[in-house]
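Participant: Pasting a structure below so you can have a look.
The values are calculated or read from the model by the stated rules, or taken from the named source; none is laboratory data. Bear in mind the structure is a predicted one, so any value in this text is a computation, not a measurement. Every residue, glycine among them, receives a Cβ derived from its backbone with ideal geometry; neighbour counts consider all protein chains shown. In case anyone asks, the SASA skips ligands and DNA or RNA and just uses the protein heavy atoms, side chains included. Shrake-Rupley method; radii C 1.70, N 1.55, O 1.52, S 1.80 Å.
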Amino acid sequence: MGMIDQVVQNIRHRETPFYDRLYRLAKLAMSVHVPVIPGLHHALYYERRLRQRSWRNLCRVLYYEPMFKTRCEEVGSNLRLIDGIPLLMGNPIRLRVGHDVTISGVTTFLGSKMARDPILEIGSGSYIGYQTSIVTGRGVHIGRQVLISNRVTIAADDSHPLDLIRRMRNLPPEPDTVKEIWIEDQAWIGEYAAILKGVRVGQGAVVGAHAVVTKDVPAFTIVAGNPARVVKQLPVPEGAAEMLRGGE
């Protein structure tokens, strides 16, 4: 233990009257608070917000978005990344991104090792939220104007085999267990939901928060629960088709 560490320990344990006084002085210093100065601290707060926002936008325009575009097979106009660049892992993914897409930089896109040329398609006008994880093999196809909330899991393979012996040997699942996932136009996936392999979420459907989707979701329905079940039929809005065409 160094000399400074020894002094700190002596102060913490108040080894002598001298160290006890130092301890009391330190506690007193920690209890000091500066009162709010009207005008000054309000201005400092907004200055800090402006400075941070300007720096984030600069990083987004000059750094994150150009780098991400180099990993895309196709990318439309007005791509927007929020606070970083998605983490790309596993096999190289064939990324196809439409126009006006927004993606949180704190997301993970993983290419399955059990599939060649994993595909991830994100349609125009779609949004992918914070800490979302997408595992793609034969293909994860996200339609247009799809909203994917924070911390959603979309998994097109099982990651590990069901067979105990294969798991103990650290072997991957069989290749035929990798399946496509389709999330059709205008669907909304709630927070912490899980969309599993082979599933198709229909147009305009809503997947409730924390739902685990193991079967197809009919268009314009709400599903919830584990496993997810239809809990409500939604009306088909008259302007849905026109709104979709406007986002092309």
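Participant: Of all residues in the range 148-172, how many are in contact with a Ser or Thr (Cβ under 9 Å, 6 or more places away or on another chain), over 30 Å from Gln203 (Cβ atoms) and surrounded by 12 or more Cβ atoms within 10 Å (Cβ to Cβ)?
Facilitator: Count: 2.
Participant: Additional query: With the structure loaded, tell me whether Ser159 is within 28 Å of Leu79 (Cα to Cα) and among the hydroxyl-bearing types (Ser, Thr, Tyr) or whether it fails that test.
Facilitator: Considered against the rule, which asks whether it is within 28 Å of Leu79 (Cα to Cα) and among the hydroxyl-bearing types (Ser, Thr, Tyr), Ser159 comes out as no.
Participant: Look at Gly239 and say whether it is farther than 20 Å from Thr102 by Cβ, surrounded by fewer than 16 Cβ atoms within 10 Å (Cβ to Cβ) and at pLDDT below 95.
Facilitator: For Gly239, the condition - farther than 20 Å from Thr102 by Cβ, surrounded by fewer than 16 Cβ atoms within 10 Å (Cβ to Cβ) and at pLDDT below 95 - is met.
Participant: Follow-up question, since we're still on this one. Could you tell me how many of the residues in the range 73-90 are under 17 Å from Arg144 (Cβ atoms) and in a strand (DSSP E or B)?
Facilitator: Looking only at that region, the number is 3.
Participant: What's the total number of residues in the range 183-216 that are part of a loop (DSSP other than H, G, I, E, B), among the aliphatic types (A, V, I, L, M) and either in contact with a helix residue (DSSP H, G or I) (Cβ under 6 Å, 6 or more places away or on another chain) or open to solvent by 30 Å² or more (accessible area, probe 1.4 Å) (or both)?
Facilitator: 1
Participant: Another question, if that's okay. Just give me the residues in the range 182-230 being among the basic types (Lys, Arg) and within 15 Å of His141 (Cβ to Cβ), in sequence order.
Facilitator: Across the range 182-230, the qualifying residues are Lys197, Arg200.
Participant: Let me ask something else. Hey, does the range 34-51 have a residue that's of a type in the set (Ser, Thr, Tyr) and under 29 Å from Gln145 (Cβ atoms)?
Facilitator: No, the range 34-51 contains no residue that is of a type in the set (Ser, Thr, Tyr) and under 29 Å from Gln145 (Cβ atoms).
Participant: On to the next question. Residues that are over 30 Å from Asn78 (Cα atoms) and under 38 Å from the mean Cα position of the chain (by Cα): list the helices (runs of 4 or more DSSP H) wholly contained in the range 2-68 that include at least 3 such residues.
Facilitator: Ranges flagged: 40-59.
Participant: Can you find, within the range 103-118, the residue that is nearest to Thr153 (Cα to Cα) among those that are under 18 Å from the mean Cα position of the chain (by Cα) and open to solvent by 30 Å² or more (accessible area, probe 1.4 Å)?
Facilitator: Thr108
Participant: List the residue pairs whose Cβ atoms are under 7 Å apart, where the first residue sits in the range 224-240 and is without any contact (Cβ under 8 Å) to a residue 12 or more places away in the chain, the second is among the β-branched types (Val, Ile, Thr) and open to solvent by 40 Å² or more (accessible area, probe 1.4 Å), and the two are 6 or more positions apart or on different chains.
Facilitator: Hits for this filter: Lys232/Ile222.
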